[in-house]
1. Please indicate, with yes or no, whether at least one residue in region 303-315 is assigned by the TED database to the domain that holds ASN41, touching a helix residue (DSSP H, G or I) at 6+ places or on another chain (Cβ under 6 Å) and open to solvent by 90 Å² or more (accessible area, probe 1.4 Å).
2. Across region 161-180, what is the total count of residues that are assigned to a helix (DSSP H, G or I), out of contact with any helix residue (DSSP H, G or I) (no Cβ under 6 Å at 6 or more places or on another chain) and surrounded by 17 or more Cβ atoms within 10 Å (Cβ to Cβ)?
3. I need the full set of residues from region 131-148 which are in contact (Cβ under 8 Å) with a residue 60 or more places away in the chain, closer than 20 Å to ARG182 by Cα and either open to solvent by 10 Å² or more (accessible area, probe 1.4 Å) or touching a Ser or Thr at 6+ places or on another chain (Cβ under 8 Å) (or both), in order please.
4. Output the residues belonging to region 32-54 that are of a type in the set (S, T, N, Q) and either in a strand (DSSP E or B) or surrounded by 14 or more Cβ atoms within 10 Å (Cβ to Cβ) (or both).
5. Can you tell me which residue is farthest from ALA171 (Cα to Cα) among those in region 194-212 that are of a type in the set (D, E, K, R) and touching a helix residue (DSSP H, G or I) at 6+ places or on another chain (Cβ under 9 Å)?
6. Taking region 81-97 only, how many residues are out of contact with any Asp or Glu (no Cβ under 7 Å at 6 or more places or on another chain), assigned to a strand (DSSP E or B) and open to solvent by 10 Å² or more (accessible area, probe 1.4 Å)?
7. Out of all the residues in region 11-31, which are assigned to a loop (DSSP other than H, G, I, E, B) and either in contact with a Pro (Cβ under 6 Å, 6 or more places away or on another chain) or surrounded by 18 or more Cβ atoms within 10 Å (Cβ to Cβ) (or both)?
Amino acid sequence: MKGIQVSAYLSGPEGLKVVELPDPTPAPGEYLIRIRASAANFFDLLQIRGKYQNQPPFPWISGTEFAGTVIAAGSSAKKFKVGNRVFGAKQGAFASKICVAEPVLHPVPEGWGFDDAAGLYVTAPTSYQGLVGRAGVKKGDWVLVHAGAGGVGLAAIQVAKYFGAKVIATASTDGKLGICKRFGADYAIDYSKGTWPKSVLDITKGKGVDIVYDPVGLVEQSLKCIAWNGRILVVGFAGGKIEKVAMNRVLLKNVSLVGLHWGRYTEIQNEKGTVEDVWSGLLGMIRDGGFKPTVYRGEEFVGLESVPRALKALGARETWGKVVVSVPREGENKL
């Protein structure tokens with residue numbers, strides 16, 4: 001098989017190389033998947049630089065999210081059959097093959113392609129559990145989604161709208177503001193302008209928003225436009241700064257600061273039911289037509305050789321939604 005193997009930390013994705021590797025063999029309870037598409041994430045960039053919280057021992061294969069076809073099953077693996085289309089996540093997704101345990105896999109939704117499903121596993125459940133499980137989004141809520149044109153942002157917009165909320169999305173360019181509205185945002189405002197909290201208050205007629213979905217690090221400013229009893233979801237720090245918040249402002253507006261680390265849910269035994277509920281709800285949304293793929297279409301990334309360019313574009317904020325690399329079978333040009 002082919003894969004992007006990392007044997008030393010790099011300063012950037014330009015140094016990533018595709019190499020020939022032995023085919024993996026599925027252990028009991030695992031499936032061997034022929035990968036047909038892999039999604040890029042910001043944490044992939046951090047990981048190759050040695051700056052992510054989860055650093056596997058050298059050498060390791062980069063990438064985490066994928067979609068593909070089952071080509072073999074280990075003993076006791078019963079849920080899927082050879083030929084089934086599946087998606088999931090495991091370290092080593094920037095490769096042509098991967099072995100994955102049964103609980104991590106889901107069927108590719110009907111009508112979705114491999115590229116659509118490859119970027120579903122991380123961002124979509126993060127946004128669903130954040131808004132539904134942690135913030136209790138409901139009909140009539142005002143929801144402010146920061147970095148609305150990103151992978152988690154577009155997922156959050158769709159989840160909030162599905163549950164009847166009114167959505168204000170923020171982004172930094174006219175093009176990305178347009179993407180937010182295309183995916184359902186009622187309003188879209190430029191958060192590179194310092195006056196955006198006032199714009200939020202104007203839109204909500206002075207009330208402020210009930211929920212802030214923040215993958216950037218904008219808690220301090222968001223406190224200026226949050227409603228009484230509002231909830232601020234701390235999802236990430238894409239802006240590069242971990243804030244120190246004036247807690248008196250949290251007190252004065254009766255605000256709840258709510259953290260979300262979706263990746264830990266699968267590690268905590270008593271959260272197993274939560275994970276199942278999230279996927280049930282999310283896949284139900286897809287069946288209802290309430291959630292559509294968020295794949296970036298501004299540039300095509302074909303073949304593992306295009307992974308460095310895909311990661312570079314993602315890191316430079318040149319993209320929107322989920323950046324996905326198609327992985328053709330040998331002799332094919334694309335999916």
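1. The initial filter retains those residues of region 303-315 that are assigned by the TED database to the domain that holds ASN41, namely 303-315.
From what is left, the residues that are touching a helix residue (DSSP H, G or I) at 6+ places or on another chain (Cβ under 6 Å) are 308, 311-312, 315.
Still in the list and also open to solvent by 90 Å² or more (accessible area, probe 1.4 Å): 312.
Within region 303-315 (the criterion being assigned by the TED database to the domain that holds ASN41, touching a helix residue (DSSP H, G or I) at 6+ places or on another chain (Cβ under 6 Å) and open to solvent by 90 Å² or more (accessible area, probe 1.4 Å)), the answer is yes, since at least one residue qualifies.
2. Count: 5.
3. Residues satisfying the conditions are TRP142, LEU144, VAL145, HIS146, ALA147.
4. Quick first cut of region 32-54, residues of a type in the set (S, T, N, Q) only: 38, 41, 47, 53-54.
Hits for region 32-54 are SER38, ASN41, GLN47.
5. Checking each candidate, the answer is LYS207.
6. The number of residues fulfilling the criteria is 1.
7. Keep residues of region 11-31 that are assigned to a loop (DSSP other than H, G, I, E, B), which gives 11-12, 16-17, 21-29.
Correct list: LEU16, PRO24, PRO26.
Here is a yes/no grid of residues against (1) over 25 Å from GLY236 (Cα atoms); (2) hydrophobic (A, V, I, L, M, F, W, C); (3) touching a Cys at 6+ places or on another chain (Cβ under 6 Å):
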position	(1), (2), (3)
GLY259	no, no, no
GLY263	no, no, no
VAL278	no, yes, no
PHE291	no, yes, no
ARG297	no, no, no
PHE301	yes, yes, no
GLU305	yes, no, no
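The values are calculated or read from the model by the stated rules, or taken from the named source; none is laboratory data. Fair warning: this is a prediction, and the values are worked out from it, not measured in the lab. All Cβ positions, glycine included, derive from the backbone under ideal geometry; neighbour counts span all protein chains shown. For accessibility, only protein heavy atoms count, side chains too; no ligands or nucleic acids. Shrake-Rupley method; radii C 1.70, N 1.55, O 1.52, S 1.80 Å.
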